[in-house]
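Structure first, then comments.
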């Protein structure tokens with residue numbers, strides 16, 4: 001088969017995805033994804049961030065094969081505080097546990113916290129913000145004053161208070177972080193909704209007799225999603241740091257769980273002599289936070305080039 005015969009289907013598929021007049025909803029959706037992926041790959045920040053976060057997903061999925069025979073929880077007192085070397089790439093901690101295995105399995109914990117928090121805060125923030133912006137009046141006043149109360153406290157301090165009230169544990173830490181992370185999304189969604197609600201197409205939908213839930217879900221929410229996703233991506237670094245802070249203070253992941261913040265806490269007294277115990281998970285927190293920040297910056301430049 002000639003090279004031209006192979007190239008022709010590729011060009012036709014590219015033209016089909018990049019069409020300005022899609023013939024179906026499926027073609028429009030795939031075309032949007034294709035152009036969005038191309039924009040992400042063309043942006044250096046989002047590309048580097050995507051590589052880092054993609055690596056995090058791969059490490060979390062294949063944690064077992066990557067760690068090999070090493071266990072993240074098995075204690076071997078005869079090799080405690082072994083420095084990094086061929087047998088233990090990242091060394092061992094004060095209980096003889098392999099730090100490389102704990103760091104690798106800690107990616108699952110970190111990724112789980114990030115995903116759970118995202119699933120909770122985005123709908124809450126969108127719902128509160130859209131209701132406040134579209135209905136206005138006393139609904140706007142009440143919802144925004146509640147939002148202001150949450151914004152009045154530093155996020156880590158408020159999350160620490162909720163976590164202490166709920167009790168230690170990863171799930172309680174997720175709830176505590178979610179309760180403190182939604183207000184900025186509500187503010188953002190409210191501002192977007194106020195601008196969209198004044199549009200002519202919304203007025204036309206209202207004249208056709210569409211209900212308020214339909215207007216919010218079908219016409220306003222899709223236009224608010226891009227800004228919320230960008231903000232959510234930028235905030236993931238803060239979520240990781242807050243989760244690590246809760247684990248460091250002992251109200252997040254409990255001893256034995258391979259969570260990066262708890263690992264840093266366990267090695268803080270050994271930082272001068274056995275630096276690897278706290279430094280390795282600290283580097284992991286830094287790299288993953290940097291990856292989410294780079295993706296967020298890239299997405300912001302793509303969605304709103306004027307903000308660059």
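The values are calculated or read from the model by the stated rules, or taken from the named source; none is laboratory data. All figures in this text were calculated on a predicted structure; none of them were measured in a lab. Because the Cβ atoms are built from the backbone with ideal geometry, glycine has one as well, and the counts that use them run over all protein chains shown.
Scanning segment 248-277 for residues that are more than 17 Å from residue 93 (Cα to Cα) and not in a loop (DSSP other than H, G, I, E, B) yields one hit, 249.
Count, please, the residues in segment 249-261 that happen to be surrounded by fewer than 21 Cβ atoms within 10 Å (Cβ to Cβ) and touching a helix residue (DSSP H, G or I) at 6+ places or on another chain (Cβ under 6 Å). So the answer is 0.
For residue 281, the stated conditions hold: it is in a helix (DSSP H, G or I) and closer than 22 Å to residue 114 by Cα. Of all residues in segment 192-211, those satisfying the criterion of being over 15 Å from residue 127 (Cβ atoms) and either in contact (Cβ under 8 Å) with a residue 40 or more places away in the chain or not in a loop (DSSP other than H, G, I, E, B) (or both) are 194, 195, 196, 197, 200, 201, 202, 203, 204, 205, 206, 207.
Can you find a residue that is surrounded by fewer than 20 Cβ atoms within 10 Å (Cβ to Cβ) and out of contact with any helix residue (DSSP H, G or I) (no Cβ under 9 Å at 6 or more places or on another chain) anywhere in segment 219-242? Within segment 219-242 (the criterion being surrounded by fewer than 20 Cβ atoms within 10 Å (Cβ to Cβ) and out of contact with any helix residue (DSSP H, G or I) (no Cβ under 9 Å at 6 or more places or on another chain)), the answer is yes, since at least one residue qualifies.
The set of residues in segment 72-106 being assigned to a loop (DSSP other than H, G, I, E, B) and in contact with a helix residue (DSSP H, G or I) (Cβ under 6 Å, 6 or more places away or on another chain) consists of 72, 84, 89, 90, 91, 93, 96.
If the requirement is being modelled with pLDDT of 85 or more, surrounded by 11 or more Cβ atoms within 10 Å (Cβ to Cβ) and closer than 19 Å to residue 263 by Cα, which of these qualifies: 91, 49?
Just a single option satisfies the conditions, and that option is 91.
State yes or no: is residue 67 over 20 Å from residue 229 (Cα atoms) and surrounded by fewer than 15 Cβ atoms within 10 Å (Cβ to Cβ)? No.
Against the definition (crowded, with 16+ Cβ neighbours inside 10 Å and part of a loop (DSSP other than H, G, I, E, B)), how does residue 168 come out, yes or no?
Yes: the conditions hold for residue 168.
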